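K.L.:
Mind looking over this structure? Questions follow.
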Amino acid sequence: MNALRLSRRGLLGGAAALGAGLLGARLGFAAEPNGPPPVVVCVFLRGAVDGLSMVVPHAEPAYYRLRRGIAVPRPGEPHGAIDLDGRFGLHPRLEPLKAAFDAKELAVIQAVGSPHRTRSHFEAQDYMQTGAVGDPTAARGWLGRCLSARAVESAALRAVALSSFSPVALRGYRDALVTENLRDLRLSAGDDLEPVLTSGFRELYAVDTSRLAEQAGRRALEASELVRRVLGKRRRSPGYQRDTQAFADVAKLIKADVGLTAAWIDLGGWDTHRRQGSTDNGELPRKLDHLGRALAAFRADLGPVFERVVVLVMSEFGRTARENGTGGTDHGHGNVMLVLGGKVQGGRVLGDFPGLAPEQLHEGRDVPVTTDFRDVLAELCELHLQLPDASVLFPRFELDRRRRLGFLPQPI
Amino acid sequence: MWWPRLFATTGLIALGACSSSHVAMHAPTPARPPSVIEPAARPKTVVDPPPTIAAIGEARHVLNRLAFGPRPGEVERVARMGPQRWIDEQLAGPAESPLLEATLQPHRSAFAPPVQLIDEWLGDGWEEATRTSRALRRETRPYFDEHLARLATAELTRDILSRRQLEAVMTDFWANHFNVFAVKGFVRLFEGDYLERAIRPHALGKFSDLLLATARHPAMLLYLDNAESRKQVRRGRRRGGLNENYARELLELHTLGVDAGYTQADVTNVARIFTGWSVARVNEGGLDFVFRRDTHDRRGKTVLGESFPAGEDEAEGVRLLELLARKPATARHLARRLCLRFVADEPPPSCVAAASDAYLGSDGDIAQVMRAITGDPSFWADSARAAKLKTPLELLASAARALGAQPDGSLALATTMERLGEPLLQEQVPTGYPDSEPEWASAGGMLARMSFASELGTGRLQGLTVPWEEALPLGADLDARVTRFGCELLGVSADSRTLKLVREQVRRLDAEEQRRAAAVALLIGSPEFQRQ
């Protein structure tokens, strides 16, 4: 068991590969509809974003008692939250998202997360990406498995992960292309030797192997030409910061119709234990500012194409309801998720938020989890990515479609 | 160093490696501890018989895993002395090379304690001029980037040139295990001191010493916010209280491991124990560890069933660290991490058991643990050889070593690590950089490796001076020399697929220099060289 535990990140070895094969057979295949595919964009805020700052429960007096130093003021006060429904409000630096909410293209899900009690970043991130909550040996991710079930041709850019490390959610998916920055996806060979080195590396990496590095190398060489063509010359698009350039690049890939079905964007730096700030100074307001602007720019960029895109903003767990002794927050439990998209049934705050009174808190300190994240992912996979039955994505989880939150329209 | 010269003249070794490694690579050899070859009396005038195939394979393996790769001729040297003797020498800590000392000289300031560092930047009297943290930050900020680049360059220089290779490898391992993010706040002022005085001296010593050194070091106290954590205050307007960041990572990452069964109450109580472990401010005559009695929570606590009575002050933190270091869960956790690093991405149970037993039997002596790991058959197994993906750092250092390259004194190597995706000392999260292939085998990362190899081969890589005429001399029989160079570099046979492909590509070029450049680029960027 102990050896297995560490191998949680192991590649799909014997047993896992076998399981994957069986899974593929059980999943059944949805036919690829005519026309461009639906796209899911997962934005993972690594380090556990403080959801109580993102979407503020401004009607809860307890919120202001627990967070004397870092609370976001009530709507109407200076730097106050931007009211959504009389109960919750957006952090003022997320103001660019208000238009999407008003256009009913943004849904907020409150008190969502994993039922597992862990407050370990890496453990919680793994569970949220494998969907196998409590099973540290699971090696493959829900998104990759969901995509595998779509019977479509392999494509160099079917799924991209903009991340320095390979996200577990897409691990094991043959078409996943992982790169921290799409712009880096070019061989720096020098002018004279470029033809020889390019063809040389292509041949060297054209080995038939289960080894991931070789596969990744081959995929990189295959995709780099296409990526360069699609992205064109480097130009900072308005609305995007240096740390959110990934959104601009993904928008270009979607518009270029190269078959992109899933994009995973990792954004780090949300682990705000100290001086996280309220609305003005501090790391959190700055990061929320970049996130809000990037999401709004992304939506504007895509225009009518946004109709076939769903963006899911998530994080491994929430943070303590009470601010800690150093003007920050520690690891908590339930959190908030955002769902954006042209066909999203938004303009609503979904999920059951019980409140922040001591008896309502998980273990007396955190927002509880009243919506299992797997219910959200199942709705996304079934209603957007047309997976016939998402229950196979989540071992030991009783999927009940009556629990659907309804952020996506039901098929007629 | 008479071996390489001797064999350069006889040509024996190069041929030997080429033909014999074919067998070593493909014929399965039973897993067993290394063959011990009695070192011959030297110097001598007769040529020894070439080392056995098995000994060459073993030597290559230890140099890939326990060092940052072989330098020219080193595989043969270690094969002759016997890998076990090399391991013994490394555990004992050989004298450092004068070349390293000389090359490090311009970067010495990188390891200076913060006060000395600031003295150097701002001149005497800065304590008066910069009494607040804000002022200090403003004044020192212009020096930050260069300082970090210098520190990274110094570490890389050590990894490339040091004779104490195992110590360098272990320093990298522990710096990653006890990761701090150098770019956070003032951490960068302390990072060099952290490596030089908290990590390196204990890299092969007692784990409990290492643990205590990191726990008390300002780099860690600032990175995981413990410096500001204080007992909960309920009265009056004075705010302040616990920050459990360090406490949680201490249990989860540094010692017990995530699955060891501790509770949230344990985390909270550990945080209470470490209240008061802080960093002295400038106007306290400081920038060093300080125990603040007034912010320490003096009430009694219980952690993992062990009681810590009221009023033990600083001593209770030290006692807790000793307790944690002795826990079997800690032994298992560290054993797994070490076997993952040194043996395989899926740590073999026999290795974990051997390492864990050695840890518990030696009161956490890291050298004994390394002996146990290298004494376990799984370390030498065929399946373990040339199997693990090199990290970007291992790639850069091993490429430089293979070519006999010398850091050129510039700070360009630091930038190279950034382009390879793992800038030294700059991983933001406390878990450190990942250590298994599924986590970092990314398309972007692999292309970055090929680009690095191309730049190195074509002479566009800054930061290293390569003695090309020694590494791979030009001349009429370049093809044959490329083959020999490739055999030695990759441990493959002359007729391997890779060497055939490289020869074919190289033949498309006319100029000798270009052919050499392309050959080196393709070989260093080849799938085989990404493995260790």
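K.L.:
Averaging over every viewing direction, what projected area does the convex hull of the Cα atoms of the stretch A:37-125 cover, in nm²?
P.N.:
Result: 7.9 nm².
K.L.:
How crowded by other chains is A:162-168, given as the mean number of beta carbons from other chains within 10 Å of each beta carbon?
P.N.:
Per residue, the average neighbour count from other chains is 5.
K.L.:
What list of ³J(HN,Hα) values in whole Hz, one per residue of the stretch A:297-302 in order, does the Karplus curve 6.51 cos²θ - 1.76 cosθ + 1.60 (θ = phi - 60°) give from phi, with Gly and Pro shown as x?
P.N.:
In residue order, the calculated couplings are 5, 4, 4, 5, 4, 7 Hz.
K.L.:
Quote the charge dipole size of the protein assembly as shown about the Cα centre in Debye, to the nearest 20; the model charges only the Cβ of Lys and Arg (+1) and of Asp and Glu (-1).
P.N.:
Value, rounded to 20: 1340 debye.
K.L.:
Let me ask something else. Note the buried accessible area between A and B here, summed over both chains, with a 1.4 Å probe, in Å² to the nearest 100.
P.N.:
5400 Å²
K.L.:
While we're looking at this one, here's another question. For chain A, state the average projected area of the convex hull of the C-alpha atoms over all orientations, rounded to one decimal in nm².
P.N.:
Mean shadow area of the hull around the Cα atoms is 21.0 nm².
K.L.:
Viscosity 0.890 mPa s, temperature 25 °C: give me the Stokes-Einstein translational D for chain B in µm²/s, with Rh taken as the Kirkwood radius over C-alpha pairs.
P.N.:
Calculated translational D: 99 µm²/s.
K.L.:
Treating only the Cβ of Lys, Arg, Asp and Glu as charged (+1, +1, -1, -1), what charge dipole size does the stretch B:231-299 show about its Cα centre? Round to the nearest 20 debye. Provide the component values of the computation, followed by the final result.
P.N.:
On the way: 13 positive and 9 negative charges, 154 e Å.
Roughly 740 debye for the stretch B:231-299.
K.L.:
Once phi is turned into θ = phi - 60°, what whole-Hz ³J(HN,Hα) does the Karplus curve with 6.51, -1.76 and 1.60 give for every residue of the stretch A:254-263, x standing for Gly and Pro?
P.N.:
5, 5, 7, 6, 9, x, 4, 10, 9, 10
K.L.:
Of A:Lys98/A:Lys233; A:Lys104/A:Lys255; B:Lys301/B:Lys327; A:Lys252/A:Lys343; B:Lys184/B:Lys388; A:Lys98/A:Lys287, which sit over 25 Å apart, Cα to Cα?
P.N.:
Going by Cα-Cα distance, A:Lys98/A:Lys233; B:Lys184/B:Lys388 fall outside the 25 Å limit.
K.L.:
Now for a separate question. Hey, how much of the P(r) for the stretch A:164-299 falls beyond 17 Å, as a percent of Cα pairs? Before the final figure, lay out the partial values.
P.N.:
On the way: 6228 of 9180 pairs.
Roughly 68 percent, rounded to a whole number.
K.L.:
For a quick check: with amide H placed at 1.01 Å from N, whose amide H comes under 5 Å from B:Val343's, ignoring anything fewer than 5 positions away on the same chain?
P.N.:
Hits under the 5 Å cutoff: none.
K.L.:
Let me ask something else. Hey, which aspartates and glutamates would be in cross-link range of B:Lys206, C-alpha to C-alpha under 14 Å, not counting anything within fewer than 8 residues on its own chain?
P.N.:
In chain and number order, the partners are B:Glu167, B:Glu322, B:Asp363, B:Asp365.
K.L.:
If you stretched the chain out fully between A:Asp257 and A:Gln360, how much longer would it get, using 0.36 nm times the residue separation minus the C-alpha to C-alpha distance?
P.N.:
Residue separation times 0.36 nm, minus the Cα-Cα distance, leaves 32.3 nm.
K.L.:
Still on this structure, please answer the following. Taking 45 Å as R0, compute the FRET efficiency from the Cβ-Cβ separation of B:Ala135 and A:Asp191 and round it to 0.05.
P.N.:
0.35
K.L.:
Next question. Around A:Val178, which amide H atoms from residues at least 5 apart in sequence, or from another chain, sit under 5 Å from its own amide H, with H modelled in the peptide plane?
P.N.:
A:Ala161, B:Ala443, B:Gly444
K.L.:
I'd like the antiparallel share, as a percent to the nearest 5, of DSSP beta bridges with both residues in the protein assembly as shown.
P.N.:
The antiparallel proportion sits near 45 percent.
K.L.:
Something else now. Along the principal axes of its C-alpha atoms, what lengths does the stretch A:96-221 span, in descending order and rounded to whole Å?
P.N.:
57, 41, 32
K.L.:
Would you mind giving the three semi-axes, in whole Å and largest first, of the ellipsoid equivalent to the stretch A:327-384 according to its Cα gyration tensor?
P.N.:
One finds semi-axes of 26, 12, 11 Å for the stretch A:327-384.
K.L.:
Then there's this: Based on the Cβ-Cβ distance from B:Thr415 to A:Glu398, what FRET efficiency comes out when R0 is 41 Å, to the nearest 0.05?
P.N.:
FRET efficiency, B:Thr415 to A:Glu398: 0.20.
K.L.:
Can you give the translational diffusion coefficient of the stretch B:312-404 in µm²/s, computed by Stokes-Einstein from the Kirkwood radius over Cα pairs at 37 °C and 0.692 mPa s?
P.N.:
Reported coefficient: 223 µm²/s.
K.L.:
I've got another one for you. Using only the Cα atoms of the stretch B:392-532, construct the convex hull and provide its projected area averaged over every direction, in square nanometres to one decimal.
P.N.:
8.8 nm²
K.L.:
Within 10 Å of each Cβ in B:345-353, how many Cβ atoms from other chains are there, averaged over the peptide? The partial results should precede the final answer.
P.N.:
Working: counts 7, 8, 6, 1, 4, 1, 1, 3, 2.
Per residue, the number of nearby Cβ atoms from other chains is 4 on average.
K.L.:
Relative contact order for the stretch B:63-194: what is it in percent, counting Cα pairs under 8 Å that are at least 6 residues apart?
P.N.:
40 percent
K.L.:
Throw me the Rg/Rh for the protein assembly as shown, computed over C-alpha atoms with Kirkwood Rh, two decimals. Can you show the working numbers first?
P.N.:
Details: Rg = 28.4 Å, Rh = 29.4 Å.
Using Cα coordinates only, the ratio equals 0.97.
K.L.:
By average Cβ neighbour count within 10 Å, what is the ranking of A:351-364, A:269-282 from highest down?
P.N.:
Result, highest mean Cβ count within 10 Å first: A:269-282, A:351-364.
K.L.:
Using the scaling law 2.2 N^0.38 Å as the reference, what is the normalised Cα Rg of the stretch B:327-481?
P.N.:
Taking the Cα Rg and dividing by 2.2 N^0.38 Å, one obtains 1.27.
K.L.:
How big is the charge dipole of chain A about its Cα centre, in debye rounded to the nearest 20, if each Lys and Arg gets +1 on its Cβ and each Asp and Glu gets -1 on its Cβ?
P.N.:
Dipole about the Cα centre, nearest 20: 200 debye.
K.L.:
Restricting things to alpha carbons, find the Rg to Rh ratio for the stretch B:115-208 using the Kirkwood radius for Rh.
P.N.:
1.03
K.L.:
If I compute solvent accessible area with a 1.4 Å probe over the protein chains, what percent of it on the stretch A:275-412 is carbon and sulfur?
P.N.:
Carbon-and-sulfur percentage of accessible area, whole number: 48.
K.L.:
Got the relative contact order for the stretch A:119-217 handy, in percent, Cα pairs under 8 Å and 6 or more residues apart?
P.N.:
20 percent
K.L.:
Let me ask something additional. Which of rounded, prolate or oblate describes the stretch A:129-181 when judged by the alpha-carbon gyration tensor and an a/c cut-off of 1.5?
P.N.:
Note, shape of the stretch A:129-181 comes out oblate.
K.L.:
Given H placed on each backbone N at 1.01 Å, which residues far from A:His273 in sequence or on other chains put an amide H within less than 5 Å of it?
P.N.:
A:Thr329
K.L.:
Let me ask you something else. In whole Å, what is the distance between the alpha-carbon centres of the stretch B:170-248 and the stretch A:238-289?
P.N.:
With the stretch B:170-248 and the stretch A:238-289 each reduced to a Cα centre, they are spaced 29 Å.
K.L.:
Regarding the stretch B:408-455, what are the three Cα extents along the principal axes, ordered largest first, in Å?
P.N.:
On the principal axes, the stretch B:408-455 reaches 32, 23, 12 Å in Cα extent.
K.L.:
Same structure, new question: Can you compute the equivalent ellipsoid semi-axes for the stretch B:451-524, i.e. the square root of 5 times each eigenvalue of the Cα gyration tensor, sorted largest first and rounded to whole Å?
P.N.:
Square roots of five times the eigenvalues give 18, 13, 12 Å.
K.L.:
Per-residue Cβ counts within 10 Å, from other chains only, averaged over A:285-296: what number is that?
P.N.:
On the way: counts 0, 0, 0, 0, 0, 0, 0, 0, 0, 0, 0, 0.
For this peptide, the per-residue mean of nearby foreign Cβ atoms is 0.
K.L.:
A further question on this structure: Considering chain A as a Gaussian network with a 10 Å cut-off on Cα pairs, which listed residue, A:Ala138, A:Ala206, A:Ala216, attains the greatest mean-square fluctuation?
P.N.:
A:Ala206
K.L.:
Before I look further, what does chain B give for accessible area per residue, probe 1.4 Å, in whole square angstrom?
P.N.:
37 Å²
K.L.:
Here is a further query. Please compute the contact order of the stretch B:143-220 in relative form: average sequence separation of alpha-carbon pairs under 8 Å and at least six residues apart, divided by the residue count, as a percent.
P.N.:
30 percent
K.L.:
Still on this structure: Under 18 Å Cα-Cα from B:Lys231, which aspartates and glutamates qualify once same-chain neighbours fewer than 8 residues away are excluded?
P.N.:
Excluding near neighbours in sequence, the set is A:Glu323, A:Asp330, B:Glu244, B:Asp266, B:Asp294, B:Asp297, B:Glu312, B:Asp313, B:Glu314, B:Glu316.
The values are calculated or read from the model by the stated rules, or taken from the named source; none is laboratory data. The shown structure was predicted, so the numbers you read here are calculated from the model rather than taken from an experiment. So basically every Cβ, Gly included, is an ideal-geometry build from the backbone, and we count neighbours across all protein chains shown. The area values use the complete protein model at the heavy-atom level, side chains included, leaving out ligands, DNA and RNA. Shrake-Rupley method; radii C 1.70, N 1.55, O 1.52, S 1.80 Å.
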